[in-house]
Every structure is written in structure tokens, then in C-alpha cells.
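Report on the structure given below.
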Amino acid sequence: QVQVVESGGGSVQAGGSLRLSCAASGYTYSTPCVGWFRQAPGAEREGVAAIYTGGGSTYYADSVKGRFTISHDNAKNTVYLQINSLKPEDTAMYYCAMKGPPYAGRWYEVPSYKNWGQGTQVTVSS
């Protein structure tokens, strides 16, 4: 079955940076769409960024544009999320998810993704 594993989270002061990684295996489709989501305690899970690995198109939530950068390395089956200028409101569990053809739904729609990792915690102190 598909395995999705996130890493790179941690505790950091406001203004700092983190680079999250999402490693995937066991999928049969060659060009997945990969999304990063986050969920703070008591809040809904929200999409922050996504990438279509077949063509490199990227998508970002308005709240993170200019600070977050999503990229992928097909040779390593890994997607990265570079997070700069961290703010306390970025504190959340960050999840990586994948979907393949027919790429149903919008990039930020949680139910459209069927393969999820267990998450990596990002904590930002002021």
C-alpha cells in the first residue's frame, strides 16, 4: 500500500525557518499531486501548498504565499516544503497527502486526498 512519511518538523523561534520532507512509496501512478496541510488544535485541517509532480505546477494558500515554497525531487520520490519567516500562527501538525489520476477535486480539498502521512509537528514560539 501507499506509504507517506513526513519529517523535518520541530520547535523554532518566530522568524526562523524549517524544511519539511514528504517521502512516498508504494504508489503505482507516476505523477501524483502532493499536498501539504496543517491542523492546529481545535481547528480544521487546511491546505497550505500543493504540487503537481507531472508538470511542476504549484499552489499556495494566501496566508503562506511568499513564505512557503513547495518543490519535489522525482528521483527521491520526495516533496519538500520550505517554510521561512515562521509565525506563531504557523504552529500546527503538518500533514502530507497524495492523490493520483483522475486528480479529483481542488488542491486544497482534504477529502480528495486518499493517502496521508502521520504528520510532523511544527511549533513556533514568539
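The values are calculated or read from the model by the stated rules, or taken from the named source; none is laboratory data. Not measured: the values here are computed from a predicted model. Ideal geometry is used to build each Cβ from the backbone, glycine not excepted, and the neighbour counts take in all protein chains shown. For accessibility, only protein heavy atoms count, side chains too; no ligands or nucleic acids. Shrake-Rupley method; radii C 1.70, N 1.55, O 1.52, S 1.80 Å.
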Listed by chain and number, the residues whose amide H is under 5 Å from that of THR91, excluding neighbours fewer than 5 places away on the same chain and using placed H, are VAL124
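Could you size up the charge dipole of the chain around its Cα centre, putting +1 on the beta carbon of Lys and Arg and -1 on that of Asp and Glu, and report it in debye to the nearest 20?
Working: 10 positive and 8 negative charges, 31 e Å.
Charge dipole of the chain: 140 debye, to the nearest 20.
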For the chain, the per residue accessible area (1.4 Å probe, Å²) is 51 Å²
Computed over the chain, the relative contact order (Cα-Cα under 8 Å, seq sep at least six) in percent reads 35 percent
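Within the chain, what whole-number % of the accessible surface is contributed by carbon and sulfur, with the 1.4 Å probe and all protein chains included in the calculation? Write out the running numbers ahead of the final one.
On the way: 3050 of 6370 Å².
Result for the chain: 48 percent of the exposed heavy-atom area is carbon or sulfur.
Please sort by residue number the trypsin sites (Lys or Arg not before Pro) in the range 36-91 whose DSSP state is loop and whose Cβ has at most 13 other Cβ atoms within 10 Å.
Values: sites: ARG38, ARG45, LYS65, ARG67, LYS76; in loops: ARG45, LYS65, ARG67.
Qualifying residues, ordered by number: LYS65.
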Phi-derived 3J(HN,Hα) across the range 21-30 with the Karplus relation (6.51, -1.76, 1.60, θ = phi - 60°), rounded Hz, x for Gly and Pro, is 10, 10, 9, 10, 8, x, 9, 9, 7, 8
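With viscosity set to 1.306 mPa s at 10 °C, what whole-number translational diffusion coefficient in µm²/s follows for the range 1-45 from Stokes-Einstein and a Kirkwood radius over Cα pairs?
Working: Rh = 13.1 Å.
In µm²/s, the coefficient rounds to 121.
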Filtered pair list for the range 48-126 (Lys only, Cα < 22 Å, 8 or more apart or interchain) has a length of 4
If the label point sits 7 Å along Cα→Cβ of SER85, residues of the range 47-76 with amide N under 11 Å come out as 64-68
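Run the numbers on the range 1-53 and let me know its relative contact order in percent, using alpha-carbon pairs under 8 Å that are six or more apart. Walk me through the intermediate numbers first.
Values: 64 pairs, mean separation 15.6, N = 53.
After rounding, I find 29 percent.
Just add up the charged neighbours of SER85: K/R +1, D/E -1, any other residue whose Cβ is under 14 Å from the Cβ of SER85. Don't skip to the end; give the middle numbers.
Values: positive: ARG19, LYS65, ARG67, LYS87; negative: GLU89, ASP90.
So the surrounding residues net to +2.
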